[in-house]
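For reference, the structure discussed in these notes is given below.
The values are calculated or read from the model by the stated rules, or taken from the named source; none is laboratory data. The shown structure was predicted, so the numbers you read here are calculated from the model rather than taken from an experiment. Glycine also receives a Cβ, built like all others from the backbone with ideal geometry; neighbour counts cover every protein chain displayed.
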């Protein structure tokens, strides 16, 4: 007696092979494509010593008789007592063509081979999807009664079962497992499917909310979930019982959980906020279907839905299962399994293993390249103000990660020095001298860069000017406001507008605008500087909305106080905690990697929230700091040495509000 198994390297197949090896010393022939022979070594390594009984047979699911050669067919003829056909597509996201080829055509080809080698019994692993969206209880002896099979997964599983029932000329048995999840003892699984689609949502809830905070979830219909070890144990047992040919068996949970119960069990396993209230989707049944469909046809609604589903990794059809209408009668299968002690373990007993395995091995975030090199290698990155301070530190860091860096500043000599530093570290840099307050010069810069490099992948508007002077001392200094606006806003805007068309044409690009924490705190004495940066922030937000469907990303960095040449003239800053240019460059690196709409410190966000909910109190705090600290020597027209020493009150305030311009 020997076995033949298709899909042996798949998830259910691997577990089935292990189970069959435990049964005796019979050889197990497995179908494998010639291009996938490398997977055989991996499979044998998992199986251990008994793997020598696993014999590969080269073939292809898409070919007649599985593409098995006549020589191999002759070798197998009369030897195979049990032919297990497990190879199929179990994925709602797969295309209709792929499902047709694997599920329907593949089953027909498997039946052809089983008949050609005179196999004893053909065992088809079907699915509860073969019932479609049947309204009511679907029994094991039902087949033609299946309904609502518009989805290709349902249709192809039903059609493949029809081939076995109507075309197979040898003995056959059909098994319809529920939604298969990982091993109940190890949690192991090899792909994200079924309830795993909700794991990322649960993880996001856990990160956003404290575990004690109650959440609102869905109740929904009953979803039949079974672990892979139950499926293979049940199938192996029933397959070897005599006298049950020509029958179908539901390998399902006789007491399935509602969707809301499943999510509740999983949130507990994940230590995420629990669903204190579960809404029954049936409550929304009073809304006519035509109205619901009409709502989803609205472009904004559809795009929001698609964006949310994509972010969570959910297939578009998943919501059909919220009101899954089918229950599965499995009394015949359970009667046969009971003497062997095979039963479905309860989900609450092993859900923690499923979660643990997913989070350690299958969480999509584990496989994202979060390195700076993974984001910029081979790309063109332009940095303004790149000859010193934040710009120089960022240029060096980004060039070392593999980008071609274009650094822009006025001083050609300083640019040349920065270029030497970058090249000494193994990077590549090009320098461009430009006065970024001169709009005509900026236009020339944009044209030259496009001519030299064809475009820019990442534009970092870093060049800026800061003026620390109270409004009371600025009545006759309107030019302070003009020149900060000219460089900080109009300069950045002009360069962005010059490079955006090429980004749009290529449908990719990233604009990073360096702003200030002062925009969030409304820092006194920096009205000219903060106003120019606030204008840039507003433009960035508007642009992000306009270009979200063009592949262009926009990020604002509300940078805290950085120790650079720009802050050096204000001696009082010597007592203020500041970050280094290298630390500021890390902010820019994170912006490039993650492409958020904004990066800000916790203190900056707290100040913005405080301004929103208690503006009067916040103004008092900021006014106190304003009156507590003197103007700079430059603002008063004095020399640096005439600045007074820092008082204890001033020092305490600086420590309390570290990183905010004062």
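Before moving on, here are some points about what is shown:
- Residue check: residue 69 meets all listed conditions (1) buried (at least 17 other Cβ atoms within 10 Å of the Cβ); (2) in contact with a strand residue (DSSP E or B) (Cβ under 8 Å, 6 or more places away or on another chain) but one, namely (1).
- Positions within the range 75-120 being in contact with a helix residue (DSSP H, G or I) (Cβ under 7 Å, 6 or more places away or on another chain), within 20 Å of residue 191 (Cβ to Cβ) and part of a loop (DSSP other than H, G, I, E, B), in sequence order: 86, 87, 88, 89, 92
- One residue alone among 20, 40 is assigned to a helix (DSSP H, G or I) and in contact (Cβ under 8 Å) with a residue 40 or more places away in the chain, and that residue is 20.
- Taking each residue of the range 369-380 that is over 17 Å from residue 553 (Cα atoms) and looking for partners that are part of a loop (DSSP other than H, G, I, E, B) with beta-carbon atoms closer than 8 Å, six or more apart or interchain, yields 371/401; 373/401; 373/402; 377/401; 377/402; 377/403; 378/402; 378/403.
- Scanning the range 197-232 for residues being closer than 30 Å to residue 19 by Cβ, surrounded by fewer than 19 Cβ atoms within 10 Å (Cβ to Cβ) and touching a strand residue (DSSP E or B) at 6+ places or on another chain (Cβ under 8 Å) gives a total of 1.
- Given (1) at pLDDT below 95; (2) closer than 24 Å to residue 330 by Cβ; (3) buried (at least 22 other Cβ atoms within 10 Å of the Cβ), number of the condition residue 151 does not satisfy: (3)
- Leading residue by the ranking (farthest from residue 457 (Cα to Cα)) among those in the range 597-606 that are modelled with pLDDT of 85 or more and in contact with a helix residue (DSSP H, G or I) (Cβ under 8 Å, 6 or more places away or on another chain): 600
- Filtered residues of the range 180-196 (kept if surrounded by fewer than 17 Cβ atoms within 10 Å (Cβ to Cβ) and in contact with a strand residue (DSSP E or B) (Cβ under 9 Å, 6 or more places away or on another chain)): 185
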